[in-house]
Amino acid sequence: MRIISPRFYKRPPKNWGDWLKPGYKSKYTLQYPLASKIFGVIAALLFLLPSALLVYSFIVLSRDGIEIFGPIAGLGMIGSMMIGLGLASIVAAFIHTYLGHIATGVLVLIGLIFLLITYLVIFL
């Protein structure tokens, strides 16, 4: 039995568009169906975690009398989803569908910038 190990790339592979097609199965997914499902669930949870934390922080802030609506809340949600996608991409390296260092770094960096802008507007 082989050891499950991540596969990282500097840039997205040429076939990354195939990953978005319905019913796509990588060689890894066919070889390790259970591990693929487990890592898929972990990636989905990591994708949703930043958004859930952002919504929780909005709820806590609204209890303190700070209302957050409109475009600034949308910017925060987009930023948290970008961070979540970057985190999910890191986990996806274990199922050999990693987006690449550049794409993952850009997603996380832009997501952090969006969140920083959101919180700066809220608190300043």
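As a summary of the residue check, Ser5 satisfies the conditions (1) in contact (Cβ under 8 Å) with a residue 12 or more places away in the chain; (2) in a helix (DSSP H, G or I); (3) of a type in the set (Gly, Ala, Ser) except for the one numbered (2).
Taking the criterion of being among the aromatic types (Phe, Trp, Tyr), surrounded by 14 or more Cβ atoms within 10 Å (Cβ to Cβ) and in contact with a helix residue (DSSP H, G or I) (Cβ under 7 Å, 6 or more places away or on another chain), the residues of region 10-56 that qualify are Tyr28, Phe39, Phe47. Quick check on region 111-118. Is at least one of its residues touching a Leu at 6+ places or on another chain (Cβ under 7 Å), aromatic (Phe, Trp, Tyr), without any contact (Cβ under 8 Å) to a residue 60 or more places away in the chain and in a helix (DSSP H, G or I)? Yes, because at least one residue in region 111-118 is touching a Leu at 6+ places or on another chain (Cβ under 7 Å), aromatic (Phe, Trp, Tyr), without any contact (Cβ under 8 Å) to a residue 60 or more places away in the chain and in a helix (DSSP H, G or I). If you check Ile59 against the conditions, is it out of contact with any helix residue (DSSP H, G or I) (no Cβ under 8 Å at 6 or more places or on another chain), among the β-branched types (Val, Ile, Thr) and in a helix (DSSP H, G or I)? Yes. Regarding Pro50, is this residue not in a loop (DSSP other than H, G, I, E, B) and not polar (S, T, N, Q)? The answer is yes for Pro50.
Quick note: the coordinates plus some simple rules give every number you see, no bench work behind them. It should be emphasised that the depicted structure is a prediction, and the values quoted were computed from it without experimental measurement. Cβ sites come from the backbone with ideal geometry, for glycine too, and all protein chains shown count toward neighbours.
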